[in-house]
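Notes follow the structure.
The values are calculated or read from the model by the stated rules, or taken from the named source; none is laboratory data. Keep in mind that this is a model prediction, so the values were computed, not measured. Cβ coordinates were reconstructed from backbone atoms using ideal geometry, including for glycine residues, and neighbour counts include every protein chain displayed. We work out accessible area using only protein heavy atoms, side chains counted, and drop any ligands, DNA or RNA first. Shrake-Rupley method; radii C 1.70, N 1.55, O 1.52, S 1.80 Å.
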Amino acid sequence: MKTYFIDEQQQLPLVIEPDGDKSAQGLKDYISKNQKELVDKMYKHGAILFRGFDINSPKLFEEISALIDPNLKNDYLGTSPRDKVAGTDYVFSASELPGFYPIPQHCEMSYMKNKPIKLFFYCNVEPEYGGETPVCNFRKVYNELDSEVKSEFEKRGVKLIRNYSAPGKRSKFNLWELKSWTDIFHTTDKEEVEKQFRKYQVDFAWKDKGDLCLTHINDAVVEHPVTKEKVWFNHTQVFNIDAAPIEYEFIHQRQKRMKTLMMKLFLNVATNLKKRGTPPEEQSMNMLFADGTGIPERYIRNIEETIWKNMVIFPWKKNDLLAIDNLGTSHGRLPYEGKRQIMVCWSEE
Ligand SMILES: [Fe+2]
C-alpha cells in the first residue's frame, strides 16, 4: 500500500492507496491483517482515507467499516435528518440537509451519552461543486483556543437545547428547525421516543400543543480515552445562535460565490431578528453554558477562527472511505451544488 498525508502540516488524514491490487477483497484482507495497527494510526492522526479501491457499493462500505470496528450501531438520536440506505443494516445518508446549509465542524453526537467511537464516510456520488467533508484535529483546537475561552468552557460546561415542533406545526420559514420531532425520530409514538430518551439519558419535556424540548448538559472538554490528550468536545459553534453568520463568513471567504455572499448577509439579519424575537432557551437550537447563561459572541468567533485555521479541506473521489476517530477529530460539510451522495455509518462502545 502507498501512504501519505493529504495535509502534511496537519498530518491529516492519512491516505492509504493500493499500489497493485485495488479490489475490495484485497483491502478487506489488508485490514484484517493490520486492524490493530490501523486503529492505532487512526488515534494518532485522527483519520484514515482509503482511496482508489473498488469499494463500489454501500454494502461493501459497511463490510469494510465493520472490519475496522465490528461494533457498528444504528440507533440515531442526533440532530441531522438522515435516511437509512437500502440493502444495508447500518448505513445512512450522511445528511438530508439542503446543499446550501453549512454543517460546521463537530465530533458526532458529542452531546449524547452513547456517542460514536469511530465514524465512517463513503463517497457514492462525487459532489459536482463543493460538498467537501473537511476534518479538524480537535485536540489541536483545544490547545490553540484563547486561554480565557478555554478556561471558561472547562469550568462551566455546556447545555444544548433542542426544541422540536409537533407534527404539522413547523413553520416553513424557520431555517433553524427543519423537521418536527416525528420526522426526526421516525415515529409518531410519544412513548416510543420517551423510551429512547430514557435509554440514552436525554432530558426531555413536552410543551404546549405537543412540542418537544430536549436538553443535554455536558463537559465542553474531555480527555481522549486512548491518547489521554484533552479534546475540544462540544457543539457550541454548530448550534449557538450566533454561530451560523460567522460560519458563513468563513464559507464565503473560501467559495466566493454570489450565493454565499447572499447567505452571509441574510444570516446576519435573520439571526438578529431571531435573537430579538425569541428567548435563548426557546430557540429551535441553541448552545449555552451549562448554567443557562449565554456564550459571548467573541468566544464563538475565537472558536470558529481556531477551527478554520486547522481544518483540512479536500475533494471527495468516488469510492473514498474516510474513517475518523470521533473522539479526537471533527468533521463537517461545506455547501454544495448539484449531485452529491455521501453515506455514513458509525461504531459505539
Ligand atoms: Fe456529523
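Results, tabulated for the structure shown:
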| item | result |
| --- | --- |
| Charged-residue dipole, Cβ positions (Lys, Arg, Asp, Glu), the stretch 1-128 about Cα centre, Debye nearest 20 | 420 |
| Too-long pairs where the Cα-Cα distance tops 18 Å, listed order kept, from K2/K41; K44/K113; K28/K84 | K44/K113; K28/K84 |
| Cross-link partners of K207 among lysines (Cα-Cα below 18 Å; sequence separation of 8 or more within a chain) | K169, K179, K190, K195 |
| Computed FRET value (nearest 0.05) for D189 with N74, which takes r as the C-beta separation and R₀ as 22 Å | 0.75 |
| 19 Å tail of the calculated P(r), the stretch 58-137, as % of Cα pairs | 42 |
| The chain, accessible surface, carbon-and-sulfur percent (1.4 angstrom probe) | 49 |
| Linear extension gain, D21 paired with N114, 0.36 nm per residue minus alpha-carbon span | 29.7 nm |
| Accessible area of the stretch 208-306 divided out per residue, in Å², using a probe of 1.4 angstrom | 47 |
| The stretch 233-283: proportion of alpha-carbon pairs further apart than 11 angstrom, % | 68 |
| Ratio of the Cα radius of gyration of the stretch 14-88 to 2.2 N^0.38 Å, where N counts its residues | 1.21 |
| Principal axis dimensions, the stretch 207-349 - Cα atoms, whole angstrom, descending | 45, 42, 34 |
| Extension reserve of the F5-V125 stretch, reckoned as 0.36 nm per residue once the Cα distance is removed | 40.9 nm |
| Surface accessible to a 1.4 Å probe, C213 within the full protein complex, Å² | 20 |
| Pairs of alpha carbons in the stretch 261-322 whose separation is greater than 21 Å (percent) | 48 |
| In the stretch 221-301, the trypsin sites (Lys or Arg not before Pro) that fall in loop regions by DSSP, at most 14 other Cβ within 10 Å | K228, K256 |
| Filter on K118/K199; K36/K59; K259/K318; K140/K309 - keep pairs with C-alpha separation over 18 Å | K118/K199; K36/K59; K259/K318 |
| Semi-axis lengths, Å, the chain, gyration tensor of Cα atoms, sqrt of 5 times eigenvalues | 32, 23, 21 |
| Under 11 Å, Cβ to Cβ, from A47 - net charge with Lys/Arg +1 and Asp/Glu -1 | +1 |
